[in-house]
Amino acid sequence: MPLTRWTCLVLCTLAAGPAVAAEPKIDAAIKTIVALGNDPAKLKTFCAMSKAMTDEENEKDATKVADIDKQVDGFMQALGPEFQSAWNAGEELSPETADGKEYYGALDALNAKCGS
């Protein structure tokens, strides 16, 4: 029995599944993260911030943690409000969601440019 056009359309649609697009806020954040990776000066600042954040996680001395936290804040200010907004977009984003995978994938790619 030959398939009708309607049957073919329905089967093709079901096989393709729903299109998954990033939420506009997340999409904008990802674009900002990617753009930062293409700006050598901002990338250098981001890499310094990333290293400081790693140092902060490993530091036990509360005074040193506070000092590092101030450095991180300074780096974040230097990266500008657009990056700060992009960074904050991930605060409530689960890495298990499609948006989360794209967002954290973009951050991982940015960190990879730091050579660590």
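Couple of notes before you dig in:
- Extension gain for the segment residue 108 to residue 23, taken as residue separation times 0.36 nm less the Cα-Cα distance, is 28.7 nm to one decimal.
- Placing dummy labels 7 Å off each Cα toward the beta-carbon, the span from residue 43 to residue 84 is 2.5 nm.
- 13 Å beta-carbon shell around residue 79, net charge (K/R +1, D/E -1): -1
- Fully extended contour minus Cα-Cα distance, from residue 35 to residue 77, at 0.36 nm per residue: 13.4 nm
- Signed unit charges on C-beta, dipole axis of the stretch 40-116, positive-most listed residue 48, 85, 58: 48
- Compared with the alpha-carbon gap, the fully stretched path from residue 70 to residue 92 is longer by 5.6 nm at 0.36 nm per residue.
- For residue 22, net neighbour charge (Lys/Arg +1, Asp/Glu -1) across residues whose Cβ lies under 9 Å away: -3
- About its Cα centre, the dipole of the stretch 22-112 is roughly 360 debye, where the only charges are +1 on Lys and Arg Cβ and -1 on Asp and Glu Cβ.
- For the stretch 49-96, a/c is not less than 1.5, where a ≥ b ≥ c are the root eigenvalues of the C-alpha gyration tensor, and a/b does not top b/c. That puts it in the oblate class.
- Relative contact order, percent, the stretch 22-112 [alpha-carbon distance under 8 Å, six or more residues apart]: 44
Throughout, read-outs are computed from the coordinates displayed, never taken from laboratory work. Note that the structure is predicted; figures quoted are calculated from it, not measured. In this analysis, Cβ positions are derived from the backbone assuming ideal geometry, glycine residues included, and neighbour counts consider all displayed protein chains.
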